[in-house]
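Take a look at the structure below.
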Amino acid sequence: MDQQKALDDLTFIRQMMADSQTIIRERTLDFMVWGILITIGLLGTYFGILFKFYREIGMWMWISIVAIGWIFAFTRGSFKKGHAAPTLAGKMMKGTWMAVGIAVTIFGFIAPWADAIEGPFISPVIASTIAIAYYLSGILYQKKWVTYLAFYWWASAIGMFFFPRLEVLLFMAFLLITGQIIPGIILYREAMKAE
């Protein structure tokens, strides 16, 4: 019985390793698209507040950005029907990022609307949540540097909690570029080379 369990575990590990490049290729496209969209939103919010036109466009800008992101995820991205998550690792990755995406959407929209989170604290709360997904992704991808990205996100979140100013929006945009878009490009290239 123990020998069978060991063989089953070994089979699972082999499947996970074989599937990891496909998982990376499919997920990193989402990372990059979401990173670009949210960076645009953060810069739009920063300049909108700075030049006092955010009240007119802010809500509709964010609704549009998030809608575009979710539409992409379900029509062209990794949540598209037919994109297989053949192993447990694939299903876990898909589930992790789906859960984080829902949580981040709640923190970004519902919490401020309910006066539960003040504006300057939205970014660090979101950064803390995204870090969880990177930590788990690094384990499933078997890439330590992706796991280390989680600590970059957590450290950045701590810094943003202590400096709740308008410039947090610019810092969060920088964090998305350096901690999501660029790593997404690196992971995508690695996955394409491996194939």
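The values are calculated or read from the model by the stated rules, or taken from the named source; none is laboratory data. Treat the numbers as computed from the prediction; the structure is a model and nothing was measured. Note that each Cβ is placed from the backbone with ideal geometry, even for glycine, and that neighbours are counted across all protein chains shown.
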>> Could you check region 104-124 and list, in sequence order, the residues that are among the polar types (S, T, N, Q) and either in a loop (DSSP other than H, G, I, E, B) or crowded, with 18+ Cβ neighbours inside 10 Å (or both)?
In response: Ser123
> Is one or more of the residues making up region 105-112 within 15 Å of the chain's Cα centre (by Cα), touching a residue at least 40 places away in the same chain (Cβ under 8 Å) and within 30 Å of Lys52 (Cα to Cα)?
Replying inline: yes
>> Out of Pro86, Pro183, I need the residue that is surrounded by fewer than 16 Cβ atoms within 10 Å (Cβ to Cβ) and either more than 21 Å from Thr39 (Cα to Cα) or at pLDDT 85 or above (or both). Which one?
In response: Pro86
> Among (1) surrounded by 13 or more Cβ atoms within 10 Å (Cβ to Cβ); (2) at pLDDT 90 or above; (3) closer than 29 Å to Leu187 by Cα, where does Val66 come up short?
Replying inline: (2)
> What residue, among those in region 145-160 that are under 19 Å from Thr39 (Cα atoms) and in contact with a helix residue (DSSP H, G or I) (Cβ under 6 Å, 6 or more places away or on another chain), is surrounded by the most Cβ atoms within 10 Å (Cβ to Cβ)?
Replying inline: Met160
